[in-house]
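The values are calculated or read from the model by the stated rules, or taken from the named source; none is laboratory data. Just so it is clear, the model here is predicted, and its values are computed rather than measured. Cβ sites come from the backbone with ideal geometry, for glycine too, and all protein chains shown count toward neighbours.
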Amino acid sequence: MSISFIIISMIILLGAAAAVSFSNLIHCALSLAVAMVGLAMLYLHLGAEFVGFTQVLVYVGAVSIVVLFAILLTRPAPFSPGVHVPWHGRVTGILVAGLVAGMLVGAVLGTPLTSHVGQRVITVKQIGMELMTTYAAPLEIVGLLLTAALMGAVILAAPENGEKKP
Amino acid sequence: MIQPLHACLILSSLLFCIGLAGVLARHNTILMLIGVELMLNAANVNFIAFWRYGAWAGQSAGVMFAIFSIAVAAAEIAVGLALVILIFRHVRTTSIDRVDGMKG
Amino acid sequence: MISKTWETLLVVKLLWIIPAIPMLAAGVLALTPRGYRRMAASLAIGSMVLAFLFSCLAFYATMIPLPYSEAWRQSYNVPWFDIGHETVRVGWVLDPLSALMLAMVTFVGTCIFVFSTGYMAEDENFTRFFGFLTLFAGAMLGLIISNSLLLLFICWELVGLASYLLIGFWFHKPSAAAAAKKAFMTTRIGDLGLLIGMVWLYSETGTLLFYDGGFGCLETKALIGLVTPAISGGTLAVTGIALLIFCGAIGKSGQFPLHVWLPDAMEGPTPVSALIHAATMVAAGVFLVGRMLPLMGADMILFSGSSPTLYIVAMVGSFTALFAALIAVAQTDIKRILAYSTVSQLGYMMMAIGVGGYPAAIFHLLTHAFFKALLFLGSGSVIHGCHHEQDIRRMGGIAGSMKITFATYAVGMMALSGVPFFFSGFWSKEAILHAALTWTPSMLPFIFGLCGAFLTAFYMTRMMGYVFFGNYRGDSCHAPHESPATMTVPLVILAVFAVLLGFAGTSFWPWCQSYLTAQRVRFGWEEFLHAWPLTGGSIAMVAAGIGLGWKLYISRPVGGADAPDILETMHPKIYNCLKNKFFVDEFYAATWVRWCGAFASVSDWMERFVWGGMMRGAAFFTACLALLNSETDERVVNGSFDGGCKVLKASSGKLSLFQNGKAQRYLCVIGAAFALLLLALEMGVKL
Amino acid sequence: MNELFSEWVRRAVETLSEMLRNPDQAPVVGKAFIVSVFPEFLQGVVGAFISIAALISVFGGLFALLTLMERKGLGRIQNRPGPNRVGPFGILQPVADGLKMLTKEDIVPFRADAFLHFIAPVILVMMSLLTLAVIPYGRNMAPIELDSALLFFFAAGACTELAVFLAGWASRNKYSLLGAMRAIAQMISYELPLLLASFSAVLLVGSLSLVSIVDSQGGFMLGVLPKWNVLTPWGFVGFIIFMIGAFAESNRSPFDLPEAESELIAGHLTEYSGFKYALFFMAEYIGMLAISGLAVTLFLGGWHAPVPFLGWVPSYCWFFAKLLTLACFFIWVRATLPRLRADQLMALAWKCLIPLSFINLGVTVFWHYSAAWSFAMALPARWGIAFLALAVPYTFLARQLGTKKTFARRTYRFAE
């Protein structure tokens, strides 16, 4: 475990924690972007260059932008009464999450695993070959899924006929 | 000294639980989706970690899974946010508490 | 010679193109926006013309080896998919039957398509209409060429689907929607028989291919195999299969007792009626029986020369022929008369197949296709000209204002009635009657057929009298007008063929019949002269029919729109019975539908009282026990138990909070459960 | 000590003479020498810093030069002298501009999100500079040689969208937000044709590495014609699509809707002043230069010389010459074309460029497979087929773009 790993982990965890705890939704989305950049750095650190850049391209370039758009589109009307959030729900949620975290970490630490040392690299060419041979079917399915999701999202979010724009 | 694989797994566990906490404790649907994204990414970290440190040399399954997982996550967030917008149009709020039509 | 055989083979291999063209057009049209009307029409017609050209090529290819070669029937099979160790194969076959049908369907189809562009010009769903039409035509073409009962069945169902869509094309009319449903359901009853027959056939022979180089289910080997266990084991598999398949034909071709959907199908646009009744759907039933003829007649071996299957076919056909002709006499809707006439003519064809006149049946199918398409399109033109009026009592005297329609309609009417020598209907009907006369088991078909011929001539004359003669009885503000050229040109073409086609199968030069049975055609007057007494008799019947009709409806013009029919004044009871179609619909309503309803109410009653009563009894019993229990509790266990109950109630109230419709709470529980599970696992591992 | 020093001097002199003998590799040799001075564990960091310093100084200079060129060029095209007061012919104008920017008051609007307001231009400049890191500027002169360099370029480019959003949102100004939204919509839309156009080059080379893409364009056809991608049918079309995408991506005219002064004041830049504004300005120009650099790399042969007999000119000179030519092209277009309407902008991307770039990908595949053709008229046949495959869809796509859409007459209401 190197210093760079610790720094990257800190970025990821702090970003993620910020993403779920800020009260301002825009700040949450931006923190999510920070966490995603951290994750991309982690992937680079682990040698998965392609995944790292894809992570940035997809999450920072697309997902967080979409989230930001959604936040702006669903801003409650000014002067609307804020939703009263019961504190015990929040505490229960955090407690449960903490419990799961404890169990998971315990499980990880309790499992003997040997780490493969030494460099492992995967080139873009390898990935391309794999995608076109072994993983051709999943690739097609993912393509189909993305198309379907695109159309579904457009149909869902498009204002219905005659409806006033929100 | 902790093993690098263990470190990665712990990181992903913590990330997963932060996401889970977000989903459980926050009442905004968009924030819940953000939490779900974090949980998905925790899974991705595991894929990459096992690819990098696992004992199965010469296999690219981890990376491939991560790539597919990213694609699926993108689809998921698009549809999820479209649903959020749709719900917002109906109930004029993004709070999950108002969306309880499945009450028993 | 070798090269010519090779040519034929290539044509066979590429035969699938013919149905594929309209199917492709249908696919494109399904995606075409509403506005592209011109493109839709030209695409549909273009695809049909193309299919017609290819069909002509196929037709030519079947002529080459005739009549002395072995190659008169070519089939080409391809494996489709595997189930277990079985390979399901489909294929297509080119023989005189399919070639003739292909040419007929594509040609008549083209005429109808052209006519539709005029008839449907104002409809807003023009493109959709042509999409359905091409689908219909494509499915029918596929049905014709298929060399596998499975493929045939698929196309059969596609035809059914397309007819459903087309009959219900004006679905906003409740009657059209109901008619579509009725057609679909009624034919489905027959199709069920076909499906069962198909499965049975497969289990008996292990193949659904018709012709497969000696191994198909219609070839000698399979047929002998089918018949042999029947001889030894006494099973009647072959008769059963044949009759089940005939069920499908009954449904599709509107034979008694499943004829009820056909007249109702007149709710669709008129070109659809023409397509259904002339070229495609109803012909499919006759075609199926014709195609399966070897199987139909296979039980002949068992019954020393007379096949019970064919006997039933003949009887059903002849009865339908007479029955429908009788009903047609008393109808007042122009399209319904034609519909019953179609049912009657299909009965003739079935009868012909049954009595062993298979070539005559197919010849009649062809001629009928032309003149019935002509009549339907003519009636469409009349309806169009009379501003969508279908009641013949509100027409009349439009011969002057719609000259082309009148002339072509008269040709069609004479062809249908069987006016001698110059009209195709005469020759085909003559051939059928001749076959019926020579049939030994029974004279009933012949007698029925002769009566049918008389009635046909009569009701057609009646219709002509009502529609074209006398005075115009419709709305006087809107004078009838002639239809545009897109509608009249197909009429003229069809009329020409309705006349000419007869000469392809006269008794002195029976080219069509010889072609179908792959024999050399002989020219000679012997046959004609030999059958002269029969010919004379049938001509007399036709003359009598036309004469009676003329006397009743033309020489003395019909009074007014609401005046009772002359037959009605003469024999009100019989007329009424005919007018109500022998009460078949009512009979079905009173029997089948009522029984189904009764069964439903019985089930309902059982549900309510028997099962419900049991449940209530059990509940009551439980309640009694509970009362007893509570009494015991009250007396025996005191307040301490009540306290316990209260705690339970409160806790259950708490528990019910979990089911609060809030996703997060559910997720919380899931998360906690997951954590506990992990904990348990870890403990388990450590233990 | 003395020995060490003399050794150092000797090597410095050697390096210098090597640099003079082979000016093509002079920067590489120089960098290697400087790095070798430092102890082992620092060498990586030092190398990186040298590259960064070189990039920032070169592109900073280019930025200054470009602002001057733009103002002078626009001036000449509009028939006026342009800046001509500071220094001879106004060449010191950028310095004056910089001083002005630095000394201006830095205004943060009341209720603005101060941190995000501050961080937005920083991220923007950072990401723009990051994209420069993977471009090969000369033979052996890519600052980082990545296996997936192109992906890196676009990933870093994608982050600029976020920065633009930040700038718009943090200003608490509706014009800023609207401008930012417009900018993002535009950038996302045009990222697709940009990516697809560059993928045609990637497809043929079979690598995402920019270095190998440049290497594949070395050499000459028939002895004179350089093997640049732009001189193939797919490359030509791809280059045009790429350039259109590049104009939109850098928010330059005719796609400068997000900063349309007449509608949105200055878009997401409205609430920025002083040094932050200068940063935005710099990011825009560097982004423009970076994407031009990518265009040069992908389509114009990178640092390869256009004609064989000029091969002796150092490779980076060629690169920068091409880069400046493209930059001048940017300026020329800005002075020439009017701004698009928002719906035209979207229609152009989604209805014309994206389908066309897909077709272009198909043509690239055809080009790849038809390379094996060996009959006599193979080359003209390939050209003909590719030309038809591109020209026919183009005419249709372009025709349906020419909208017959009529808009209701706009009525302007003035305050009464």
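Quick check: is even one residue across the stretch D:106-126 under 30 Å from A:VAL121 (Cβ atoms) and touching a residue at least 40 places away in the same chain (Cβ under 8 Å)? Show your work before the answer.
Of the stretch D:106-126, the ones under 30 Å from A:VAL121 (Cβ atoms) are D:123, D:126.
Cutting the leftovers down to touching a residue at least 40 places away in the same chain (Cβ under 8 Å) gives us D:123.
Scanning the stretch D:106-126 turns up at least one residue that is under 30 Å from A:VAL121 (Cβ atoms) and touching a residue at least 40 places away in the same chain (Cβ under 8 Å).
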Is it the case that some residue within the stretch C:165-174 is assigned to a helix (DSSP H, G or I) and free of Cβ contacts under 8 Å to residues at least 12 places away in the same chain? yes
Residues that are farther than 24 Å from D:ALA26 by Cβ and either in contact with a His (Cβ under 7 Å, 6 or more places away or on another chain) or among the aliphatic types (A, V, I, L, M) (or both), drawn from the stretch D:1-15: D:MET1, D:LEU4
B:ILE70 at the interface with another protein chain (Cβ under 7 Å from one of its Cβ atoms), within 30 Å of A:VAL117 (Cα to Cα), under 12 Å from the mean Cα position of the chain (by Cα) and hydrophobic (A, V, I, L, M, F, W, C): yes
With respect to the numbered conditions (1) outside any helix (DSSP H, G or I); (2) within 20 Å of the chain's Cα centre (by Cα); (3) of a type outside the set (Lys, Arg), which one is the sole condition not fulfilled by C:GLY397? (2)
Residue that is nearest to A:VAL63 (Cα to Cα) [pool: residues in the stretch D:208-218 that are within 11 Å of chain A (Cβ to nearest Cβ) and buried (at least 22 other Cβ atoms within 10 Å of the Cβ)]: D:LEU208
Among the listed residues C:ALA498, C:ALA453, C:ALA410, C:ALA457, which satisfies the condition of being touching a residue at least 40 places away in the same chain (Cβ under 8 Å) and within 16 Å of C:ALA360 (Cβ to Cβ)? C:ALA453
Count of residues meeting criterion [over 10 Å from the mean Cα position of the chain (by Cα), of a type in the set (S, T, N, Q), within 16 Å of B:PHE65 (Cβ to Cβ) and at the interface with another protein chain (Cβ under 7 Å from one of its Cβ atoms)] in the stretch B:6-51: 0
Unique residue being over 27 Å from A:LEU72 (Cα atoms) and at pLDDT 90 or above when the list is D:LEU225, D:LEU196, D:LEU203: D:LEU196
Under 9 Å between Cβ atoms, which residue pairs at least 6 apart in sequence (or on different chains) link something in the stretch A:105-123 that is within 16 Å of B:ALA55 (Cβ to Cβ) and facing another protein chain (nearest Cβ under 7 Å) with a partner that is among the polar types (S, T, N, Q) and part of a loop (DSSP other than H, G, I, E, B)? A:LEU113/B:GLN3; A:THR114/B:GLN3; A:SER115/B:GLN3
Tell me whether the stretch B:43-53 contains one or more residues that are under 16 Å from A:GLY106 (Cα atoms) and β-branched (Val, Ile, Thr). no
Look at A:GLY52 and say whether it is within 26 Å of the chain's Cα centre (by Cα), within 14 Å of chain D (Cβ to nearest Cβ), surrounded by fewer than 20 Cβ atoms within 10 Å (Cβ to Cβ) and modelled with pLDDT of 90 or more. no
Look at C:SER417 and say whether it is surrounded by 21 or more Cβ atoms within 10 Å (Cβ to Cβ) and out of contact with any His (no Cβ under 9 Å at 6 or more places or on another chain). yes
Take D:ALA133 and decide whether it is within 11 Å of chain A (Cβ to nearest Cβ) and surrounded by fewer than 21 Cβ atoms within 10 Å (Cβ to Cβ). no
Quick check on the stretch C:186-207. Is at least one of its residues at pLDDT below 80 and outside any helix (DSSP H, G or I)? yes
Considering the stretch D:161-206 alone, what residues qualify as being small (Gly, Ala, Ser), surrounded by 22 or more Cβ atoms within 10 Å (Cβ to Cβ) and within 12 Å of another protein chain (Cβ to nearest Cβ)? D:ALA163, D:GLY168, D:ALA170, D:ALA180, D:ALA183
Quick check: is even one residue across the stretch D:80-90 aliphatic (A, V, I, L, M) and surrounded by fewer than 23 Cβ atoms within 10 Å (Cβ to Cβ)? yes
Restricting attention to the stretch C:228-242, report how many residues are at pLDDT below 70, assigned to a helix (DSSP H, G or I), of a type in the set (A, V, I, L, M) and surrounded by 13 or more Cβ atoms within 10 Å (Cβ to Cβ). 1
Could you tell me which of the residues A:LEU39, A:LEU46 is closer than 22 Å to D:ILE188 by Cβ, touching a helix residue (DSSP H, G or I) at 6+ places or on another chain (Cβ under 7 Å), surrounded by 22 or more Cβ atoms within 10 Å (Cβ to Cβ) and more than 11 Å from chain D (Cβ to nearest Cβ)? A:LEU39
Determine whether C:PHE658 is at pLDDT below 70 and of a type outside the set (A, V, I, L, M). yes
Give me the pairs: first residue in the stretch A:12-31 and more than 10 Å from chain B (Cβ to nearest Cβ) and surrounded by 19 or more Cβ atoms within 10 Å (Cβ to Cβ), second residue assigned to a helix (DSSP H, G or I) and hydroxyl-bearing (Ser, Thr, Tyr), beta-carbon distance under 9 Å, and six or more apart or on different chains, which are they? A:LEU30/A:SER64
Which numbered condition D:GLU284 misses (of (1) under 14 Å from the mean Cα position of the chain (by Cα); (2) assigned to a loop (DSSP other than H, G, I, E, B); (3) acidic (Asp, Glu)): (2)
